[in-house]
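**Q** My structure is below; once you've seen it, I'll send some questions.
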Amino acid sequence: MSRLPVSRLTILYDAQCSLCVHLRDWLLRQRKLVPLDLVPAGSVEARRRFPVLDHDRTLREITVIGDKGQVYGGIAAWVVCLWALAEYRPKAHWLATPAGAPFVRMTMLAAAKYRDVRTAGAGVPVPCDDWCAAPG
């Protein structure tokens, strides 16, 4: 398998999730080493750009697509998002190691729990606590 360099990433995020929108806004404010396109998951635009993706899954799990066709999900998607940022690339390299992987896993579980709490109240808003602030 050849390794193709990534020169642009598309991040599919849940536009109905306040945490996902918060993280999208945070990503947009960061200095990038790789340009990022942020597209709502399941949207007409996402389906047009990536017709073969499982778009229902992209609404449940962050999905990042590289410009050469690479698809990252789960832990790898979180790490590649940080890898694209100037300030966080060294941290991304560490998170990609066996020593760093548990921290990514815990972050993903916390984000999933937050989303569950937000949707369990039949649409009742829950304020974003300090723990849901931007990573890092």
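The values are calculated or read from the model by the stated rules, or taken from the named source; none is laboratory data. Computed from a predicted structure; not experimentally measured. In this analysis, Cβ positions are derived from the backbone assuming ideal geometry, glycine residues included, and neighbour counts consider all displayed protein chains.
**Q** So which residues in segment 21-42 are farther than 22 Å from PRO5 by Cβ, surrounded by fewer than 18 Cβ atoms within 10 Å (Cβ to Cβ) and in contact with a helix residue (DSSP H, G or I) (Cβ under 9 Å, 6 or more places away or on another chain), if there are any at all?
**A** HIS22
**Q** Specify the residue that is modelled with the highest pLDDT; the eligible residues are those in segment 13-61 that are within 18 Å of ALA76 (Cα to Cα), assigned to a helix (DSSP H, G or I) and among the aliphatic types (A, V, I, L, M).
**A** Checked segment 13-61; the qualifying residue modelled with the highest pLDDT is LEU27.
**Q** Can you pull out every residue in segment 62-102 that is in a loop (DSSP other than H, G, I, E, B) and buried (at least 16 other Cβ atoms within 10 Å of the Cβ)?
**A** ILE62, ALA84, TYR88, ALA96, GLY100, listed by residue number.
**Q** Among (1) modelled with pLDDT of 95 or more; (2) assigned to a loop (DSSP other than H, G, I, E, B), which single condition is PRO125 missing?
**A** Condition not satisfied by PRO125: (1).
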